[in-house]
1. Starting from the amide H of residue 192, placed 1.01 Å from N in the peptide plane, find each other amide H under 5 Å away whose residue is 5 or more places distant or on another chain.
2. Using a Gaussian network for the chain with springs between C-alpha atoms less than 10 Å apart, which of these wobbles most: 85, 207, 22?
3. So which lysines can residue 96 reach, going by Cα to Cα under 28 Å and dropping same-chain residues fewer than 8 places off?
4. Rounded if a/c is under 1.5, else prolate if a/b beats b/c, else oblate: with a ≥ b ≥ c from the C-alpha gyration tensor eigenvalues square-rooted, which is segment 136-263?
5. Put +1 on the Cβ of every Lys and Arg and -1 on every Asp and Glu Cβ in segment 137-241; which of 209, 232, 169 then has its Cα farthest towards the positive end of the dipole?
6. Quick check: pseudo-label points 7 Å beyond the Cα along Cα→Cβ at residue 233 and residue 36, how many nm apart are they?
7. How much length, in nm to one decimal, is gained on full extension between residue 163 and residue 56, taken as 0.36 nm per residue of separation minus their Cα-Cα distance?
8. Could you tell me whether segment 200-248 comes out rounded, prolate or oblate from its Cα gyration tensor? Rule is a ≥ b ≥ c as square roots of the eigenvalues, rounded for a/c under 1.5, then prolate if a/b exceeds b/c, otherwise oblate.
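What follows draws every value from the coordinates through simple rules; no lab data is involved. Keep in mind it's a predicted model, so treat the numbers as computed, not measured. Note: ideal-geometry Cβ built from the backbone for every residue, glycine included; neighbour counts use all protein chains shown.
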Amino acid sequence: MAQANSNQSALARAVGADRSTISQVLTAPGPRLPSAHIIGAAAAHLGVSTDWLLGLSDHPESAETLAANALSLTPAPRALIDEQIFGWHKEAAGYKIRHVPAALPDMLKTQNMLEWEYSSHLGRTTTQAINATRERLDWMRGSLSDYEIALPLFELESFAAGTGYYQGLPAHVRLEQFDALSTLAEQLYPRLRIYLFDARRLYSAPITIFGPLLAALYVGGHYMAFRDRARVESMTTHFDDLVREAFCTARDIPEHLQKLKPLIR
């Protein structure tokens, strides 16, 4: 009542009850449960949930507020690591980050690869934008978070061969990126672990799971961000299934990249 700038008289009027009824609920020495009508009306007047009033929830927010906080839709600009994603990374510093990227992960890309992929989408000059992004990527690599990245097998095969999304990417850029990816996989292990899964056996949409805090599903122009524990845990379980069923584990990545190199022509 204090937080809602209300009192017993105002609450009694709002719920359509006698002031003595409200007083008895608040002061009775033993448990006294008011009617469902009074509970619902009181919760609405005070801006809290009925579950919280009854001691069934740790969250005083209304169901509508909880639902709004549990799911948000955030724009996803087509330009490297955007401000929202970077903010989520900083919020989750120290937690494990699990990531299924839409293509190769940005934080592992070379300068030439970034220029080929994003130059037409950058508002500032390409060099300025990529330098700013490099600072963020360096922060992410140097943070206290462990990173697990799961990629479908066909992604690296398509990249090596320069097919599909990577059609037109020069061979020397692909070769440089392969060498850089192999080096980073060895240098940053075990804080960075890359896994390859067979999408024909187990499919995944692009997702990022920021520890227990939130999970973001990439749907093209937007991220769907979930903060409720059940959905974050569900997506974490899904990611762990990808790792469990991985065709190629983190220790095998450098060797697997060497096997794919002959496709680069």
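1. Hits under the 5 Å cutoff: 147.
2. 22
3. The qualifying lysines are 109.
4. Details: a/c = 1.70, a/b = 1.52, b/c = 1.11.
Prolate is the answer for segment 136-263, as a/c is 1.5 or above and a/b outweighs b/c.
5. Comparing the listed Cα positions along the dipole, 232 ranks first.
6. The answer from the label model is 2.8 nm.
7. 33.0 nm
8. Numbers: a/c = 2.60, a/b = 1.38, b/c = 1.89.
Oblate is the answer for segment 200-248, as a/c is 1.5 or above yet b/c matches or exceeds a/b.
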